[in-house]
Amino acid sequence: MITLTKNTVRALVAACALTVSAGGAMAAGGGKHFEKQDWSFSGPLGKYDKAQLQRGFQVYKEVCSSCHSLEYIAFRNLGEDGALGYNPDQIKALAAEYEVEDGPDDEGEMFTRAAKPFDTFPSPYPNVQAAKSANGGAYPPDLSLIAKARAGSMGPDTGIEPLTDLVRMVWHTVTAYQEYGPDYLYALLTGYEEAPEGVDVGDLNYNPNFIAGNALAMAPPLDDELVEYTDGSPMTKEQYAKDVSAFLMWAAEPKLEQRKRVGVNALIFLVIFAGLLYFTKKRVWSDVDH
Ligand code: HEC
């Protein structure tokens, strides 16, 4: 009888442990965690750093845009409130550097023209097949929303498994941690390594931080001294990765600053309103005998 009870307890404990570790693994996106970075835009009062967004855009433009589109971002978005701080003339000049397809004209023909501020960043490839065939069969995804698309189920590295994953997930839900996306992008762009002994990745490139495996078709896109910065920021792979990740966070969430402002204002309003209610209540009930 006693052994049976013991076994039952053991089975229960094992079942609980399994549930917790499964939950932990799911919360952690298959067990990959990425180091938390310092972002100017984190926290309730966070804001984008305009100079950083401009550098990140420069990295996108000079490096990533040869393979990745940004098809939900129009040139004029770069000049909007909370964005990169470009003025209308700068936006016009920037758009004019690109060609887009337009039409059909009066004869029914499509034609190309210089881009205008309302156009979106054109894809570097005419179609998906062309993009795949230029990249060994892998499609370089559009980057407009990637910082959000990869933000769902990850967390920064604590090194301790798996119960802390669950606690951490709850903690990040409570504190509304929103920077998993850029943390991942930074980790991916700086995570390329030599494949370990005995691991054959074929034509792929070894990168243990890639979310869907340990190797991907994208060759390491960044290297020190690759992009010429003019504001004195370090011209290192890490700095480029950080800046372009911040820029891609902006692309995925251009209204972040406005959203945070509304949140803080709502809080201030609630505090004042609660105070007013308190004094009203005191007054209304002041001449009622206890
Ligand atoms: C030479 C072409 C090329 C360049 C340049 C390039 N990429 Fe990629 N990228 C790819 C391809 C191809 C894939 C798809 C990889 C795969 O699925 O195996 C990819 C995938 C990605 C992904 C998706 C990873 C995921 O989690 O699925 C991100 C993010 C990304 N690239 C960011 C960048 C950034 C940022 C730059 C510029 C610093 C850049 N890429 C430059 C070709 C490129």
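Pairing each residue of segment 267-288 that is under 19 Å from PRO44 (Cα atoms) with any residue that is at pLDDT below 95, provided the two are 6+ apart or on different chains, yields C-beta distances under 9 Å for LEU267/PRO44. Note on segment 230-250: among residues that are crowded, with 18+ Cβ neighbours inside 10 Å and more than 9 Å from the ligand (Cβ to nearest atom), the one that is farthest from the chain's Cα centre (by Cα) is LYS237.
Applying the condition of being part of a helix (DSSP H, G or I) and among the polar types (S, T, N, Q) to segment 53-99 and asking which residue is surrounded by the fewest Cβ atoms within 10 Å (Cβ to Cβ) yields SER66. Only one of the numbered conditions (1) closer than 15 Å to TRP250 by Cβ; (2) at pLDDT below 95; (3) of a type in the set (S, T, N, Q) is not met by ASN127, and that is (1).
Listed by first and then second residue, the pairs linking a residue in segment 42-60 that is on the phi < 0 side of the Ramachandran plot and of a type in the set (A, V, I, L, M, F, W, C) to a residue that is at pLDDT 95 or above and crowded, with 17+ Cβ neighbours inside 10 Å, with Cβ atoms under 6 Å apart and 6 or more places separating them unless they lie on different chains, are LEU53/LEU84; LEU53/PHE247; LEU53/TRP250; PHE57/PHE247; VAL59/VAL227; VAL59/TYR240; VAL59/ASP243; VAL59/VAL244.
With respect to (1) charged (D, E, K, R); (2) surrounded by 15 or more Cβ atoms within 10 Å (Cβ to Cβ); (3) within 16 Å of the ligand (Cβ to nearest atom), the lone exception for LYS50 is condition (3). Is it the case, given these coordinates, that ASP224 is outside any helix (DSSP H, G or I), within 16 Å of the ligand (Cβ to nearest atom) and acidic (Asp, Glu)? Yes: the conditions hold for ASP224. Based on what the data block shows, is GLY56 small (Gly, Ala, Ser), within 30 Å of GLU238 (Cβ to Cβ) and modelled with pLDDT of 90 or more? Yes; evaluated as a whole, the condition is true for this residue.
Only one of the numbered conditions (1) assigned to a helix (DSSP H, G or I); (2) modelled with pLDDT of 95 or more is not met by ASP183, and that is (2). Somewhere in segment 63-84, is a residue small (Gly, Ala, Ser), within 16 Å of the ligand (Cβ to nearest atom) and over 26 Å from PRO182 (Cβ atoms)? Checked segment 63-84: no residue is small (Gly, Ala, Ser), within 16 Å of the ligand (Cβ to nearest atom) and over 26 Å from PRO182 (Cβ atoms).
The values are calculated or read from the model by the stated rules, or taken from the named source; none is laboratory data. A quick note: this is a predicted structure, and the numbers were derived from the prediction, not measured. Please note: Cβ atoms are built from the backbone with ideal geometry, for glycine as well, and neighbour counts cover all protein chains shown.
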